[in-house]
Amino acid sequence: MKIFIDTADLDEIKEAASWGILDGVTTNPSLIKKAVEKMKARGKQISMEDYIKEICRSVDGPVSLEVKGRRYDEMVREAKILYEKFNGVNNNVVIKIPINTAFSPDDEQFEGIKAIKELESFGIPTNATLVMTPEQALLAAKAGASYVSPFLGRVDDFIRKNIGIKHGKMDYWDYEAIELIEQEERKKNIEKGYEGVAAINYGDNGIYSGVELVYDVIEIYEAYGYETKIIAASIRNARQVRQVAMLGVDIATIPFIVIKEMISHYKTMEGMKKFSEDVVEEYEEIFKS
Ligand code: G3P
């Protein structure tokens, strides 16, 4: 599995790259905003162009940069600008296009899909972002997206909010337990003659978690041999990384703090401390030559 870092913070990108485990970077306007605010707080003047160029130079792997427009022609124009300005730096720019740019059901729904199709036809690689359902991922693949980003954490947030579960941003979502509870409740109502069965719905149209969303996308892509690479995105904790890795996902884009969580374990630290304490004189001698 490839590891991308989900940040626009250059310090984080450079540090993760120095660990030798980094295969790419994903950014979005919110992550850029956070990085800019951090720079300003430190009193640093920023040329956004130079900053993005430095991001591109810092990693030998794809760097996703997102458009800001909502209409198909705007997005294609912006994508070309981003590609022309930054791809020359390290030949690694991928353009992030929201799968659907609508703000409401009355808006145009296929602007993103059209932009993906057109950009890929020019040879500009795209990453279909804000993907919350397997069906959206299927459409992204049909439009020829190079990458698709199902948003795990946000799907978990949505489900938890719908069923009224309070949680912290990075909390693990025990969807298997919830699915079992739902099955039990449904069983009881089925025994009563299906009364109220439809009302017992703890998932999002049959999806119980972001991890399950990724599983379904993998299944669909494998069934038809789509070459679109799947990036598990909006990851909030190390356990989600493990679960998507077990599914064989192509890529996980992971926040810096979660990459750090992946390397840490109390018993590893405890073991390390003991090994260090137990080094005897005789063993120490070996390293003195
Ligand atoms: O890669 C998508 C990501 O940046 C969104 O993450 O934590 O804001 O849902 P989050």
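Just so it is clear, none of the values below were taken in a lab; they were calculated from the coordinates. Predicted, not measured: the structure shown is a model, and the values here were computed from it. A quick note on method: Cβ atoms are made from the backbone with ideal geometry, for glycine too, and the neighbour counts reach across all protein chains shown.
For the ranges 199-205, 227-233, what's the packing order if you count other beta-carbon atoms within 10 Å of each residue, average per peptide, and put the highest first?
Put in order of decreasing packing, that is 227-233, 199-205.
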Practice task
Report the Stokes-Einstein translational diffusion coefficient (µm² s⁻¹, integer) for the chain, Rh taken as the Kirkwood radius over Cα pairs, at 37 °C with viscosity 0.692 mPa s.
Solution key: 156 µm²/s
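Helix-derived [θ] at 222 nm for the chain: sum -39500 (n - 2.57) over DSSP H runs of at least 4, divide by residue count, nearest 500?
Roughly -16000 deg cm²/dmol at 222 nm, from the helical runs in the chain.
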Problem - Label-point separation, PHE122 to ILE21 (7 Å along Cα→Cβ), nm - result: 3.7 nm
Exercise for the section: Just grab the label-to-label distance for ILE46 and LYS260, each label 7 Å out from Cα along the Cβ direction, in nm (one decimal). Expected result: 1.9 nm
Handout entry: Protection-proxy order for peptides 256-265, 70-79, each taking the mean of Cβ atoms within 10 Å per residue, highest first
Key = 70-79, 256-265
Fill in the blank from the handout: Each label sits 7 Å from Cα toward the beta-carbon; between ASP278 and LYS34 the label points are separated, in nm, by 4.0 nm
Handout entry: Local electrostatic count at ASP73 - Lys and Arg +1, Asp and Glu -1, tallied over other residues with Cβ under 14 Å
Key = +2
